[in-house]
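One structure is given here, and the rest of the page talks about it.
Readers should treat all values here as calculations from the given coordinates under stated rules, not as data from a laboratory. As the structure is a computational prediction, the values presented were derived from the model and not from experiment. Note that each Cβ is placed from the backbone with ideal geometry, even for glycine, and that neighbours are counted across all protein chains shown.
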Number of protein chains: 2
Amino acid sequence: MMVLVTYDVNTETKQGRKRLRHVANLCVDYGQRVQNSVFECSVVPAEFVELKGKLANIINPELDSIRFYLLGKNWQNRVEQIGNNDSYDPDKDVLLL
Amino acid sequence: MMVLVTYDVNTETKQGRKRLRHVANLCVDYGQRVQNSVFECSVVPAEFVELKGKLANIINPELDSIRFYLLGKNWQNRVEQIGNNDSYDPDKDVLLL
């Protein structure tokens, strides 16, 4: 399943900047960064549950927000981009290995 | 149709910060801000085309990136959130007016 993860972490404090780094570093383990605070994560349901649990342990729920959009099948056909695009298709790249 | 708009605008320069403001102000006209750089836009196809055209005229395509995720029907069932949530459901709120 493809899950889009977007996050806002309040970085007004040193602790906030640390949380932001932790969130980003964790998301790197699960997917492809397509923008600064946006990851496309190709995960199985168990990994998705794990990711949510880990993120919930990192953030400050009163200050930070993480949203998950389950993109479903054929998600590639429902994504458009304008401007700079440094992302790649993780499923496609796996096939190329 | 519900379109998720996410953007990265390079704010290293004064021009970049101006572009960021323009992008955000434009998106406000089309949808609901759910995170700092993430909007959920409930639009008809013609409005989506219009939004893309306007955004393309604002950004620097070599430095900035805007992504559009067409969430399809029953998108509300495929969104999850942890942490702070100041967003609302634009379709639902219209019904309440």
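For a test of understanding, tell me how many lysine pairs in chain A have Cα atoms under 25 Å apart, given they are 8 or more places apart or on different chains.
Working: A:K14/A:K52; A:K14/A:K54; A:K18/A:K52; A:K18/A:K54; A:K52/A:K73; A:K52/A:K92; A:K73/A:K92.
Taking chain A as the scope, the lysine pair count is 7.
Based on the alpha carbons, how large is the Rg to Rh ratio for chain B when Rh follows Kirkwood?
On the way: Rg = 14.0 Å, Rh = 14.2 Å.
Checking Rg against Rh, the ratio lands at 0.98.
Given a Förster distance of 25 angstrom, what is the FRET efficiency for A:N85 paired with B:E47, based on the Cβ-Cβ distance and rounded to 0.05?
Details: r = 23 Å, r/R0 = 0.94.
So, using R0 = 25 Å, E works out to roughly 0.60.
B:L63's amide H: which non-local residues (gap 5+, or another chain) put their own amide H closer than 5 Å, with H modeled 1.01 Å from N in plane and none for Pro or chain starts?
The answer is A:N84.
With N set to the residue count of the protein assembly as shown, report its C-alpha Rg divided by 2.2 N^0.38 Å to two decimal places.
Numbers: Rg = 16.4 Å, N = 194, 2.2 N^0.38 = 16.3 Å.
Ratio of Cα Rg to 2.2 N^0.38 Å: 1.01.
Give the distance, in whole Å, between the Cα centre of the range B:48-62 and the Cα centre of the range B:1-18.
10 Å
Between the label point of B:Q81 and that of the same position in each other copy, find the distances and list them shortest first in nm, with every label point placed 7 Å from Cα along the Cα-to-C-beta direction.
Computed spacing set for this position: 2.7 nm.
List the relative contact order of chain A as a percent without decimals, with contacts defined as Cα pairs under 8 Å and 6+ residues apart. Don't jump to the answer; show the numbers that get you there.
Details: 114 pairs, mean separation 39.9, N = 97.
Taking the mean separation of contacting Cα pairs over the length of chain A, I get 41 percent.
Using alpha carbons only, how many degrees (0 to 90, rounded to 10) separate the axis of helix B:45-58 from the longest principal axis of chain B?
Roughly 20 degrees, rounded to the nearest 10.
Against the longest alpha carbon principal axis of chain B, how many degrees, from 0 to 90 and to the nearest 10, is the axis of helix B:14-30 turned?
In chain B, helix B:14-30 runs at an angle near 20 degrees to the longest axis.
Can you compute the charge dipole magnitude of chain B about its Cα centre, using +1 on each Lys and Arg Cβ and -1 on each Asp and Glu Cβ, nothing else charged? Give it in debye, rounded to the nearest 20. Walk me through the intermediate numbers first.
Working: 12 positive and 13 negative charges, 55 e Å.
Magnitude of the dipole: close to 260 debye.
Among B:T13, B:Q76, B:L26, flag the residue with its Cα farthest along the positive direction of the charge dipole of chain B, charges on Cβ as +1 for Lys/Arg and -1 for Asp/Glu.
Comparing the listed Cα positions along the dipole, B:T13 ranks first.
B:V28 label points, 7 Å along Cα→Cβ, one per copy: pairwise distances from this copy to the rest in nm, shortest first?
Listed shortest first, these distances are 3.5 nm.
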